[in-house]
Every structure is written in C-alpha cells, then in structure tokens.
C-alpha cells in the first residue's frame with residue numbers, strides 16, 4: 001500500500017474507480033467468483049455455470065479479464081483443441097476485498113429487509 005492520498009470522486013486518477021472499471025459489468029464478477037470457487041474450467045463448463053450469459057459476452061469478458069491478468073487462458077494442442085480458464089494470483093489478491101464487499105452487501109440487504117418488514 002502506498003502513502004499517496006486520493007481525493008475521490010476524482011474519477012480520473014481514483015484507484016477504486018479504476019478497479020471497478022476492470023471488474024464491473026454484468027458478468028465479470030460472476031465469472032471471477034465461479035473460477036475462484038471451482039478452479040480451472042473449460043469454456044463450456046463455465047458457460048453452463050453462468051445461466052443466461054451469451055457466448056459473445058462470455059468470450060469478451062474472459063478476454064478482458066485475461067488482458068488485465070485476472071484470468072489465465074491455457075490452450076492445449078489436442079484435437080479438438082482444449083481451452084481452460086483459471087484465476088491468477090492477481091485474482092487471488094482481489095478475493096479478500098470482494099469478500100469484504102460481500103459482507104457489506106449482506107448487511108445492507110438485511111437492513112433493507114428490516115425496513116420492509
């Protein structure tokens with residue numbers, strides 16, 4: 001961690017905004033969590049675990065996550081070619097923050113249930 005202080009919402013240089021641009025979107029979080037929970041997966045296996053995702057969206061999201069270093073794509077030269085995806089060490093570093101965010105979300109959901117009841 002650095003000693004640099006950021007004045008949010010600066011958006012231009014905000015590390016949190018940058019992080020959210022990498023993992024944000026409708027499916028990236030589900031892809032990250034699925035790979036983290038299940039480990040190395042083939043494309044079709046991953047798609048079956050993400051109910052409702054299209055091939056185009058999954059392929060694009062995997063490519064973006066791979067470019068940012070969160071997902072590793074491994075291709076095996078077999079016939080037919082086998083491709084597997086797995087979380088990287090950068091993804092592993094992200095997981096504690098996502099778990100904290102999940103805890104916060106759970107608290108907020110409980111508070112909303114209290115207001116509704």
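Here is how the numbers come out for the structure above:
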read-out: Failed item, numbered, when residue 83 is tested on (1) modelled with pLDDT under 90; (2) over 22 Å from residue 101 (Cα atoms); value: (1)
read-out: Residue selected from the range 60-84 under the condition part of a strand (DSSP E or B) and over 13 Å from the mean Cα position of the chain (by Cα), by the criterion nearest to residue 37 (Cα to Cα); value: 84
read-out: Number of the exception - residue 98 against (1) closer than 18 Å to residue 20 by Cα; (2) in contact (Cβ under 8 Å) with a residue 24 or more places away in the chain; (3) in contact with a helix residue (DSSP H, G or I) (Cβ under 7 Å, 6 or more places away or on another chain); value: (3)
read-out: Considering residues of the range 23-35 that are over 8 Å from the mean Cα position of the chain (by Cα) and modelled with pLDDT under 95 only, the residue surrounded by the fewest Cβ atoms within 10 Å (Cβ to Cβ); value: 26
read-out: Residue list for the range 85-117, restricted to those being exposed (fewer than 10 other Cβ atoms within 10 Å of the Cβ), within 16 Å of the chain's Cα centre (by Cα) and assigned to a loop (DSSP other than H, G, I, E, B); value: none
read-out: Any hit, the range 42-57, residues being surrounded by 12 or more Cβ atoms within 10 Å (Cβ to Cβ) and farther than 22 Å from residue 95 by Cα; value: yes
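The values are calculated or read from the model by the stated rules, or taken from the named source; none is laboratory data. Since this is a predicted model, take the numbers as computed values, not measurements. Reconstructed Cβ throughout: ideal geometry from the backbone, glycine too, with neighbour counts over all protein chains shown.
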